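The values are calculated or read from the model by the stated rules, or taken from the named source; none is laboratory data. Given the structure is predicted, the values throughout are model-derived calculations rather than measurements. All Cβ positions, even for glycine, are placed from backbone atoms using ideal geometry, and neighbour counts span all protein chains on display.
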Amino acid sequence: MIGTLVLRSKMYVDTVIVVDDGSTDRTSKVAEMAGADIVQLKENHGKAYALMHGIQRAKELGFSTVIALDGDGQHDPGDIASIAQPILDDEADMVIGSRFLDISSQIPFYRKFGQKTLNFFTNAGSEVKTTDSQSGFRALGKSALENMDFISNGYNIESDMIHHFSSRNLRIKEVPIEINYDVPNKHKQHPVPHGVDILVNLVGFIGYKRPLLFFGLPGAFLSFLGIIIATIAVSQFYASHIFPFSLTVIAAFAVILGLLLFASGIILNTIVAIMKSVRN
C-alpha cells in the first residue's frame, strides 16, 4: 500500500517524504524503493510527533509548500492538485481537504456523527469555522510552515493546527476531496476511542480558550433553571402548605452550582484577557 501511495503521489509533487514512526514491518524499505525520502523514528511517538518531523524535513529540503496525507490509502493522491492550488494562487495559508463538501464518498453514519461532533467543538474554540476539522489531507503554505511553533500530541494535531493558525490570523480554506474507507490497512486506532481522545482534548482547550462559553454559559443556564424550580417550589408551598423539600434542595443546588460556574467563567476569562494583553 505505501509503495503504491508513494508512486501515485510522485505524479503530482517533487518529493514524497514518508515518516516511519517506529514501525516493525518493511514500511520504510518499501517506501524508499518507491523513491520516497525517509524520516526514520526509532520509537513510535504518535501522529503529531511524526507529522512535525515530516514537515521539518520538508523545510530542511527548502520546500515552501507541503501536502500532508495519511499513509493508509484512504486519501486519493489525485486530489493533491486541487488542495495545493489555493496555496499556489496565494488564496490561503492552509487548505483542508473536506469529506463533507460536495459529498460523493460513502461515509459510514457513525463516522459522520463523530466528525460532526468534533467539528462542533473545534469550531467552538477557533476563530475559523470548518466542515472537516479532522481531515489529515491538507496543504500548508509558507506562512503556515513558519508558524508551526505549537505543541500537539497524538491525533489532536489537526484541531491544534486550526486553533493555532486562526489565532495568528492565517487564511484557512477548504476544498472537497474523495475518501475511501475500504482499504486493507485501516486506521490503527478504533474510531470510538480515537474520537473520545480528541474530544477530551478539545473540551479542555475550549475551557482554557473560551471560559465564558465553557463555564459561564452552563452556569447561567443552571442558575436560571434553579430559579424556575424554586418558583415552582414556592407555588406548591402556598397551594398545599407542605414544604417541598426535594424541589427546594434541587433548586438551591442548581442556583449555587450555576453561580459558581458563572463566577469561574468570569474570573478565568479575565485571566485569559490579561495573558493575551501581556503577550501582545
- Taking segment 121-134 and keeping only residues that are among the hydrophobic types (A, V, I, L, M, F, W, C) and modelled with pLDDT of 75 or more, one is left with Val128
- Quick one: in segment 137-158, of everything that is more than 26 Å from Ala81 (Cβ to Cβ) and of a type in the set (Ser, Thr, Tyr), which residue is modelled with the highest pLDDT? Ser152
- Query: On the given criteria, is Ile2 under 26 Å from the mean Cα position of the chain (by Cα) and among the β-branched types (Val, Ile, Thr)?
  - Reply: yes
- So which residues in segment 89-99 are in a loop (DSSP other than H, G, I, E, B) and crowded, with 19+ Cβ neighbours inside 10 Å? Ala92, Asp93, Arg99
- Note on the structure: Of the conditions (1) modelled with pLDDT of 95 or more; (2) on the phi > 0 side of the Ramachandran plot, the single one that Ala92 does not satisfy is (2)
- Residues that are of a type in the set (Asp, Glu) and either free of Cβ contacts under 8 Å to residues at least 12 places away in the same chain or in the same structural domain as Tyr181 (by TED's automatic domain parsing) (or both): find the helices (runs of 4 or more DSSP H) completely inside segment 24-88 holding 1 or more of those. 27-33, 47-60
- Item | Met94 within 23 Å of Ser133 (Cα to Cα) and assigned by TED's automatic domain parsing to the domain that holds Lys142 | yes
- Matching option when the condition is modelled with pLDDT of 90 or more, surrounded by fewer than 17 Cβ atoms within 10 Å (Cβ to Cβ), over 20 Å from Asn119 (Cα atoms) and small (Gly, Ala, Ser), among Ala230, Ala252, Ala273, Ala263: Ala252
- Of the residues in segment 125-169, how many are closer than 21 Å to Asp21 by Cβ and either of a type outside the set (Val, Ile, Thr) or touching a Lys or Arg at 6+ places or on another chain (Cβ under 8 Å) (or both)? 19
- Query: Ile107 is checked against (1) modelled with pLDDT of 95 or more; (2) surrounded by fewer than 19 Cβ atoms within 10 Å (Cβ to Cβ); (3) in contact with a Lys or Arg (Cβ under 7 Å, 6 or more places away or on another chain) and fails just one. What number does that condition carry?
  - Reply: (1)
- Message: Within segment 14-23, take every residue that is assigned to a loop (DSSP other than H, G, I, E, B) and either in contact with a Lys or Arg (Cβ under 8 Å, 6 or more places away or on another chain) or closer than 20 Å to Gln134 by Cα (or both) and give me the one that is modelled with the lowest pLDDT.
- Response: Gly22
- Item | Any hit, segment 150-157, residues being assigned to a helix (DSSP H, G or I) and either in contact with a Cys (Cβ under 8 Å, 6 or more places away or on another chain) or β-branched (Val, Ile, Thr) (or both) | yes
